[in-house]
Amino acid sequence: MLQKALAVYKKVVGISHINTAAACNTICPILQDMGETNEALKYFRRALAIHRQILGEDHEDTGRVMITLEWSSTTKMILKERCKCCKKCLAIRINALGEDHADTAESYNNIGSTMYAMNELERALTMTERALAVEVKVLGEGHPVTAISYNKNIGKILYTIGDLDAALDICIRSNKDRHDHHYANTGMTIITQA
């Protein structure tokens, strides 16, 4: 069905149209999930080329396309390409939005997650810690996104490295922050027995 939509876009608006790029971008993760990594990479590259041609290398939407390669494929070729694109997207976001922005933090996390998948754990930890620093500054310590960075990102990396005490501390802190944030925002109080 998506390939039919892509054919229509190519026919109606042409091969170098932003809607054609969007159709290519939508097909990419589906092909990856089907195990068609090389075919997915072709569609990804086509979408990225159209965005670069129409919007330019440093446009925010071009940056967003750069990070669409899904995590489901762990081939080295895909991961290296994704890492390169995530770094470029980070540069675009820093230039367009500044260092202290939630989307910039997301880019740091994307690089960290890619490096984690490549088993570059120390570099992954550095990137996710940078993301966390931005999230704490922009969103606050108790924000759910910040809690996810503690738990899912940093905690997972520390656990994989083998620093189990630090991983446990991070996960406990994350759950406490998430719990405190939830009840602070709902107006509910918890009754505890002394």
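The values are calculated or read from the model by the stated rules, or taken from the named source; none is laboratory data. What you are looking at is a predicted structure, and each value in this text was computed from that prediction instead of being measured. Glycine also receives a Cβ, built like all others from the backbone with ideal geometry; neighbour counts cover every protein chain displayed.
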Give me the pairs: first residue in the stretch 101-118 and without any contact (Cβ under 8 Å) to a residue 60 or more places away in the chain, second residue aromatic (Phe, Trp, Tyr), beta-carbon distance under 9 Å, and six or more apart or on different chains, which are they?
Ser113/Trp71; Thr114/Trp71; Ala117/Trp71
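Residues in the stretch 71-90: is at least one more than 25 Å from Gln32 (Cβ to Cβ) and either touching a helix residue (DSSP H, G or I) at 6+ places or on another chain (Cβ under 9 Å) or surrounded by 16 or more Cβ atoms within 10 Å (Cβ to Cβ) (or both)? Before the answer, list the steps.
Step one: filter the stretch 71-90 for residues more than 25 Å from Gln32 (Cβ to Cβ), giving none.
For the stretch 71-90, residues more than 25 Å from Gln32 (Cβ to Cβ) and either touching a helix residue (DSSP H, G or I) at 6+ places or on another chain (Cβ under 9 Å) or surrounded by 16 or more Cβ atoms within 10 Å (Cβ to Cβ) (or both): absent.
Identify, from the list Asp100, Asp58, the residue that is part of a loop (DSSP other than H, G, I, E, B), at pLDDT below 90 and surrounded by fewer than 16 Cβ atoms within 10 Å (Cβ to Cβ). It would help to see each step written out before you state the result.
Details: Asp100 fails: at pLDDT below 90.
The match here is Asp58.
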Conditions (1) under 17 Å from the mean Cα position of the chain (by Cα); (2) surrounded by 15 or more Cβ atoms within 10 Å (Cβ to Cβ); (3) modelled with pLDDT of 80 or more -> Pro144 fails only (2)
Among what's in the stretch 61-86 and is more than 25 Å from His17 (Cα to Cα) and of a type in the set (Lys, Arg), pick the residue that is modelled with the lowest pLDDT.
Lys76
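Among residues belonging to the stretch 103-141 that are of a type outside the set (D, E, K, R) and assigned to a loop (DSSP other than H, G, I, E, B), point out the one that is nearest to Met66 (Cα to Cα).
To start, the set of residues in the stretch 103-141 that are of a type outside the set (D, E, K, R) comprises 104-105, 107-119, 121, 124-128, 131-134, 136, 138-140.
From what is left, the residues that are assigned to a loop (DSSP other than H, G, I, E, B) are 118-119, 139-140.
On the way: Met118: 18, Asn119: 21, Leu139: 25, Gly140: 28 Å.
So the residue we want is Met118.
Which of the residues belonging to the stretch 121-132 are over 16 Å from Asn151 (Cβ atoms) and surrounded by 15 or more Cβ atoms within 10 Å (Cβ to Cβ)?
Taking the stretch 121-132 and keeping what is over 16 Å from Asn151 (Cβ atoms), we get 121-123, 126-127, 130.
Passing the criteria: Leu121, Arg123, Thr126, Met127, Arg130.
Tell me, please, whether a residue that is at pLDDT below 80, out of contact with any Gly (no Cβ under 6 Å at 6 or more places or on another chain) and crowded, with 19+ Cβ neighbours inside 10 Å can be found in the stretch 11-20. Explain how you work it out, then say what you get.
Taking the stretch 11-20 first, the residues at pLDDT below 80 are 11-20.
From what's left, out of contact with any Gly (no Cβ under 6 Å at 6 or more places or on another chain): 11-20.
Then drop every residue that is not crowded, with 19+ Cβ neighbours inside 10 Å, which leaves 20.
Yes; the residues of the stretch 11-20 include at least one that is at pLDDT below 80, out of contact with any Gly (no Cβ under 6 Å at 6 or more places or on another chain) and crowded, with 19+ Cβ neighbours inside 10 Å.
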